[in-house]
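The values are calculated or read from the model by the stated rules, or taken from the named source; none is laboratory data. All figures in this text were calculated on a predicted structure; none of them were measured in a lab. Neighbour counts are summed over all protein chains in view; Cβ atoms, including those assigned to glycine, are modelled from backbone coordinates with ideal geometry. Surface accessibility is based on the protein's heavy atoms, side chains included, excluding ligands, DNA and RNA. Shrake-Rupley method; radii C 1.70, N 1.55, O 1.52, S 1.80 Å.
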Amino acid sequence: MNQYVRPGAPPPLPPGSIPRSSSRSHRKQAPLPPKPALPVAAPHHGQVQTQHAQAAHAQAQAQMDKRYIRRPVEKNIPSKIEALIPDAKLFRELREVEQNMDATISRKRLDTEDTLAKGTKERKKLRIFISNTVIDQPWQTVDRIDENAFDFDIGTIPSWLLRIEGKLLDDSTPIDSPHRRKFTSFFQSIAIELDRPKDLYPDGNIVVWNQQTKPGLPPQPMSDSVDIKRKGDTDINARISFYLATSPERFKLSAALSTVLGGLKEQTRQEVVMGLWQYIKSRNLQDPDEKRTINCDDALRQVFNNQDRISFAQMIEYAGPHLLPLDPIVIDYTVRVDRESTQAEFAYDIDVEVDSPQRQNLQNVLANWHSNQDEIHALDDQIGITIQELLTAKLRRDFFTQMAHDPAGFINRWIGSQSRDLEIVLGDRDLQSEEVRRAGFYGTEDLTESIFLLLNSRK
């Protein structure tokens, strides 16, 4: 009887032969002398960094490979299985509810992102307080004068300190919270003009606080007050100008541009562009042949430098000179030096725009939007695996059901199906029944390659 040999295995040895490896095992061999140990150099710092970088890259690649693992995508129970499972209808309804929820959540996320992009602002009142104190005024130092001295000068210089401070009304943010906006953050700059003789005070009569000191440098740290200290022993009139900081930046419109935009006085740059486009579209000023060209009417000629036709790209360029800085908020105050401290007669309220309290909540929602995605993916994978197991169980059930109804006929049909598959595998090769009955036939290289090609063709 022929002995079966696995393809690729060495041929069998004749009876009674001894493998060479076993005969060698009985020989006595002298122990080899130990090899001298080679010195091992300590790893260089650069090599250690390289190893760490390679390990981090390998870990990142492993995480990336996990994303491309083929996952079961079928999450719906096939109709041929629903009849066999009592609660399949409930699962299908649950899947429909899930799809509707996914669509709603995705739409709400887009709405939230759009709301944050447009800016969620609300108007509040910023209350401003102005006061001053005096230092070393003559009436304060009279007690320190020595009556017996020839010179009554005690070496002190009279001065005063002007303080401008404010707070946001109805602000529930804790005072020590890093998210609380401070007084100076509401202004782009604050200018104080002092009414006093230049010959007596050559150091200047205009004091300006700017939020941005120089281009490219970080802004100044914000504070809840602005203090100005100057020398003087007489009352001084001060004009304080506040230039609001707006985000996005708002501009005062010229008279010509305000006429085009329906009498509006203040707008952002984006609002100006949208308003001009609405004006052009409502009056059909777009050239019918060249859509990128605007045919200006009398009102637009006043804005676009008396041009009859301009392109859309030139619209921003010509409208730029009509975007003027906002008028400052001016408060007059008198610095008095005849008392220890002086408070302004009135407190001044200014309308400012602040971020809505809901903005931070919306940002937190978007930041944690994908926090449970791993858990959702794991559940989806489990659903897909369960569906695959149901399909496999259905195939097994059909197999044994058909076999139980007609065992003999099922076996004959199954053998016939296997024979047809074998013929397809062999292709043009003649099928010899005697050869097929031998075990060695199923280990040949030709048959293995044919099976491999057949299975790949069915994927």
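Residue pairs whose Cβ atoms lie under 6 Å apart, separated by 6 or more positions or on different chains, with the first residue in region 334-347 and within 13 Å of Leu161 (Cβ to Cβ) and the second open to solvent by less than 100 Å² (accessible area, probe 1.4 Å) and at pLDDT below 90, are Val337/Gln137; Val337/Asp233.
For region 112-139: of the residues being in a loop (DSSP other than H, G, I, E, B) and out of contact with any Lys or Arg (no Cβ under 6 Å at 6 or more places or on another chain), which is surrounded by the fewest Cβ atoms within 10 Å (Cβ to Cβ)? By that ranking, first place goes to Gly119. In summary, Leu264 fulfils each of the numbered conditions (1) touching a helix residue (DSSP H, G or I) at 6+ places or on another chain (Cβ under 7 Å); (2) in contact (Cβ under 8 Å) with a residue 40 or more places away in the chain with the single exception of condition (2).
Consider region 300-314 and keep the residues that are among the aliphatic types (A, V, I, L, M) and surrounded by 15 or more Cβ atoms within 10 Å (Cβ to Cβ). The one that is nearest to Leu253 (Cα to Cα) is Val303. Within region 202-213, the presence of at least one residue that is within 28 Å of Tyr348 (Cβ to Cβ), open to solvent by less than 80 Å² (accessible area, probe 1.4 Å) and at pLDDT below 80 is confirmed.
Do the conditions hold for Ser177, that is, is it part of a loop (DSSP other than H, G, I, E, B), over 26 Å from Asp136 (Cα atoms) and over 28 Å from the mean Cα position of the chain (by Cα)? Answer is no for this residue.
Would you tally the residues in region 324-382 being among the acidic types (Asp, Glu), assigned to a helix (DSSP H, G or I) and open to solvent by 80 Å² or more (accessible area, probe 1.4 Å)?
Of the residues in that region, 2 qualify.
Selection of region 242-275 for residues being touching a Phe, Trp or Tyr at 6+ places or on another chain (Cβ under 8 Å), in a strand (DSSP E or B) and open to solvent by less than 60 Å² (accessible area, probe 1.4 Å) yields Phe242, Leu244, Gln267, Thr268.
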